[in-house]
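A quick write-up on the structure given underneath.
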Amino acid sequence: MFPGPTIESRRGRPVAVRHRNRLPIPIVVHLHGGHTPHESDGYPTDDIYPQDMTYLHRHQGMTGMDGHAPMPAGDVSHGERVYRYPMQQRAAMLWYHDHRMDFTGPSVWRGLAGLHIVRDDEEDALGLPRGRYELPLVLTDRAFDADGSLLYPSVDATLVNTPGVTDPYVAGVLGDVMLVNGVPWPFADVDRATYRLRFLNACNARRLRLRLDPEPHDGLLQIGTEGGLLAAPLQHDSFELAPAQRLDALVDFSRFPVGALVTLYDDFADGRMHQIMRFRVGERVGPRFTAPATLSTIEPLDPTKATVTRTFRFQRGSVGHRDGWIINEEPFSPTSVAARPKLGDIEIWQLFADFHHPVHVHLDPFQVVGRGIYGPGPFDAGWKDTIDLSPGEQARIAVRFRDHPGRFVFHCHNLEHEDMAMMANFVTA
Ligand code: C2O
Ligand code: CU
């Protein structure tokens, strides 16, 4: 199944998810956006080995990215693993996906990703469009071989030895077919009603600029982001969404004539990748929803209360004898620690990027407090878990880790950059 099954949870109600690995390669499951203890966060070396080890034994040469270092084994399980999520977090659209060290890109590309939607009373009280009027939209670009199989330019097709992609794809793998919820360029039949469209950019490397045409009344009314509801709705003509980012939006289809076709465009792309999908407006009339002026309360993380400022540079660099992507001159290693934040403290992280890097931090969401000499950008509001950085850009985020001591990662969510070592550890205590 692609995307994987959608899981729905409630805030405060612990959830256990058992993942069984019937694939020939190891997998690791991370709940992206989850406020999850280390043991269940899908640390990149905490593999679930295949039930049937034949393929692995046949292919495993145990070489790492630099061609000689053996891949370190973490807290490995065999055949299956139960991940435990306390769900002490706000309502939000999370997603789960593979996170195996050096091989996340090819596995997510082939379908190891799905949604996990968290609900809570605060959100329910708003009476937002539900049921048929709530549409989660998982956007992915993919490429296919002549036989219909997913085509990915791995250096090593066994997916167990040498990580990385062939040279033309070192900046990231882009597909030439746009899929929504696994379907190429689909249609969605909609009523004349207000819809809650919940977008996830699950592309490996493609940034999107989303726009609806003809433009609905009120445009795209943003009500939420990665970490759940915004304080107040924000109106956009178009919306940028980098890999792993989410946009929660209200769209009013009620003022279109019956039979109208409303196209979702990606204005960063051209040719056949310009169009993503179409909404076909039907006869049926459904409820219209007017967003309240206040959606939620967001406690601002005050930068003047920060106890430490850290700097991380996301740059091209060498990983062993190959070209890769690194943070502060260091390629990812499970054993080196880039930061030791104290639980409960506010920290400022200054991020520098030499290229487009969507930077994602595990464990807790953050707030964007500045970009260069300016304040946060138009798509930075609310609790974020991924910030989109442009070439040459510098941003500042305020973050406060809570509850769970242990080792976690932060990384670029361009999955090819991540696999080519643009990841680092922080250890909370
Ligand atoms: Cu969506 Cu560390 O990942
Ligand atoms: Cu990157």
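Table for the structure above
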read-out	value
Candidates G64, G105, G33, G79 - the one that is within 23 Å of the chain's Cα centre (by Cα) and either at pLDDT below 90 or at positive phi (or both)	G33
Some residue of segment 361-380 being within 16 Å of ligand 2 (Cβ to nearest atom) and under 21 Å from G324 (Cα atoms)	yes
Residue that is modelled with pLDDT of 95 or more, within 16 Å of ligand 2 (Cβ to nearest atom), outside any strand (DSSP E or B) and within 29 Å of L174 (Cβ to Cβ), where the choices are H417, H411	H417
Those residues of segment 250-296 which are assigned to a helix (DSSP H, G or I) and either outside the structural domain of T194 (by TED's automatic domain parsing) or surrounded by 15 or more Cβ atoms within 10 Å (Cβ to Cβ) (or both), in sequence order	M273
Selection status of F379, part of a strand (DSSP E or B) and either within 12 Å of ligand 1 (Cβ to nearest atom) or of a type in the set (F, W, Y) (or both)	no
Near pairs, Cβ below 8 angstrom, 6+ apart or cross-chain, from segment 372-386 (at pLDDT below 95) to any residue that is more than 16 Å from ligand 1 (Cβ to nearest atom)	G372/E393; G372/Q394; G372/A395; G375/V369
Checking T335 against (1) assigned to a loop (DSSP other than H, G, I, E, B); (2) open to solvent by less than 70 Å² (accessible area, probe 1.4 Å), the condition it does not meet	(2)
Residue within segment 304-326 that is closer than 30 Å to G74 by Cα and part of a loop (DSSP other than H, G, I, E, B) present	yes
Failed criterion for E215 (all others in (1) closer than 13 Å to T140 by Cβ; (2) free of Cβ contacts under 8 Å to residues at least 40 places away in the same chain hold)	(1)
Criterion (within 14 Å of ligand 1 (Cβ to nearest atom) and surrounded by fewer than 20 Cβ atoms within 10 Å (Cβ to Cβ)) met by exactly one of R407, R322	R407
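The values are calculated or read from the model by the stated rules, or taken from the named source; none is laboratory data. Please read these numbers as outputs of a predicted model, since none were measured by experiment. For neighbour counting, all protein chains shown are included, and Cβ atoms are generated from backbone atoms with ideal geometry for every residue, glycine included. These accessible areas exclude ligands, DNA and RNA; they are computed on the full protein's heavy atoms, side chains included. Shrake-Rupley method; radii C 1.70, N 1.55, O 1.52, S 1.80 Å.
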